[in-house]
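The values are calculated or read from the model by the stated rules, or taken from the named source; none is laboratory data. Small disclaimer: the values here were computed from a predicted structure and weren't measured. Backbone-built Cβ (ideal geometry, glycine too); neighbour counts: all protein chains shown. Surface accessibility is based on the protein's heavy atoms, side chains included, excluding ligands, DNA and RNA. Shrake-Rupley method; radii C 1.70, N 1.55, O 1.52, S 1.80 Å.
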Amino acid sequence: MYFRIFFVQTVSAFVFTYYLKSSRTTEAALYNIQTVSQPSSNMLNKISVIHLKLFFTTSVMSFQQFVIGGVFGFSAVILPQLELSDALVKVDADQASWIASLPLLLCPIGSLVFGYLSDRFGRKLSLQLTYVPLLISWSLLSNAACLKDIYIGRLLSGLATGTGGVIYMYIAETSPTDSRPFFLLIYTLFVGLGLMTSAILGALFHWRTVAAVFAVMCAVGFVIPFFVPSPPMWLRSRKRETEAKLAEKWFGFELDRIDDLPTLPPPPCAAAAMATLTRADSTVGAIMDTNVSCWSLYTGPTVWKPTLAAIAFFCCQQASGFYVLLFYSVDVMRDCRVSIDGMTAAVYLCAARLAGTIVSLIFQSAPKRKLTTFSGLGMCVSMSTVVGYLYAFNGVSDPPATDFLIVPFLFYVFFAMFAVLPLPWSVCGEMFPMAVKGTMNGVLYSCGYELMFGAIKVYPMLVDMLGIRAFWTACACMCFVTSLFGAFVLPETTGKTLNEITDGFRSSKDKARKRVIKPQIP
């Protein structure tokens, strides 16, 4: 076990070092233009320090998803132990399904509440508040004496389970354009680490001990955000200029601002200022959004277009069957005739998820549309292999190579980590205007988790009605549909500033009005 952890840490360090070396040149243009006049070695050192600070802030904010990964993986820990003869609490199949799916029931409430709070009080404070229901949940589970305690504990965890949009917004608002996909994937890495940790702890300790460990982690997670600043973009949107400048000073770079432009020299320097202004994420377009009515803001194309795209992506994600495999890994392995025991298979699947996340970091600069196409096709081929095996040996009492049937499942999880799993959640933090970003993230995360709850809850019923082969055949087909969605429908956000992404959804009339406004700036 220790060797495996050391190996993962080594690979992660190598990937991060490789990323720093490969991105130094492209990142230099995204920071204050004063760095151009510095010696190259000093500039590279400054960029390295900036990336390390961004890695630190991203890790601090994403630590919450480490705990959420434990929430997702806890059902695979507690359910096998509740099936033991000496278990304190006895559950049947229906009660077990409720234990697995209850965290998703309150996700819409948590997503909406904390999404609003993130706009009202900031990303950092909103994230810290999510640890309160998590701490209560894990504490109750660690002292649970009956099924009711387990239900309440799992239900409370759902208030914070759907709050990942707060983290995505923080990362999107603090990361330079070219490196944003890399830092967004760190979020997914922490979820995988949480799942892996819960699986390892579940194999070694009682489920109450596992819950106590995660309760301690919640206390730690509540404290560490005090050591990171709030996003300068959000601070400026609340007219807190002094705090915004202090935050930018802490990060080590300064985004160009409209109120700084009059102090610049006259043309041709003004043309360079306009170019840097276009690259910045707080531009005229962001200001335009604050000058319209609330109704127009929420019904405009910059809101309803990305909303439809995100909901369609969530539907493809749930129809692919990934979360069903995550929550019912033991049952799926048994029904598909994989001979490896359930807990061992769960650990292997978590390892595949972690490996997929680490490898996908190398391809963080690739367009999201290509990644989604690649991810969907890889999942389709992997699941088609499993389905083909089931059809080929249907009715055979002792089919061959059942140990190796887990391999296509591992590749299925591995390919999902490139796009199908993380991107529907991450693009929500990139596509919306600043004025509605928190609220719309809460709405879309609510939709995503309700779809997840429905998929997990109806899975046993669909298997009884259609059979295991028909269900996973449909999932393989939906993986192919997801690849088509990525190739032809998904909006591209890689390599674009947040403002450029928003501009892509504007109507022709708004774009023309923006072209009229821009030349008026000195």
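Observations on the model:
- His206 exposes around 90 Å² of accessible area when a 1.4 Å probe is run over every protein chain in place.
- Over 23 Å (Cα to Cα) - which of Lys239/Lys368; Lys245/Lys305; Lys124/Lys437 fall in this group: Lys239/Lys368; Lys245/Lys305
- Multiplying the residue separation of Lys370 and Glu243 by 0.36 nm and subtracting their alpha-carbon distance yields 41.8 nm.
- Computed log₁₀ I(q)/I(0) - Debye formula, equal Cα scatterers, no solvent, region 333-490, q 0.08, 0.09, 0.12 Å⁻¹: -0.28, -0.35, -0.61
- Share of pairwise Cα separations in region 115-210, more than 15 Å, in percent: 70
- Peptides 303-313, 179-189 ranked from most to least packed, by the mean per-residue count of other Cβ atoms within 10 Å: 179-189, 303-313.
- Under 5 Å between amide hydrogens, built in the peptide plane, is the criterion, and for Thr494 it picks out Lys368 among residues at least 5 positions away or on other chains.
- Karplus-derived 3J(HN,Hα) values for region 170-186, using 6.51 cos²θ - 1.76 cosθ + 1.60 with θ = phi - 60°, are 4, 5, 5, 8, 10, 9, x, 4, 5, 9, 4, x, 4, 6, 5, 6, 4 Hz; glycine and proline are entered as x.
- Taken about its Cα centre, region 86-207 carries a charge dipole of roughly 240 debye when the Cβ of each Lys and Arg holds +1 and the Cβ of each Asp and Glu holds -1.
- Solvent-accessible surface of region 176-257, taken per residue with a 1.4 Å probe and all protein chains present: 39 Å².
- Here the simple spin-label model places points 7 Å from the Cα toward Cβ, and for Thr299 and Leu484 these points are separated by 3.4 nm.
- Amide N of region 142-174 lying under 15 Å from the label point, which is placed 7 angstrom from the Cα of Thr209 along Cα→Cβ: 142-143
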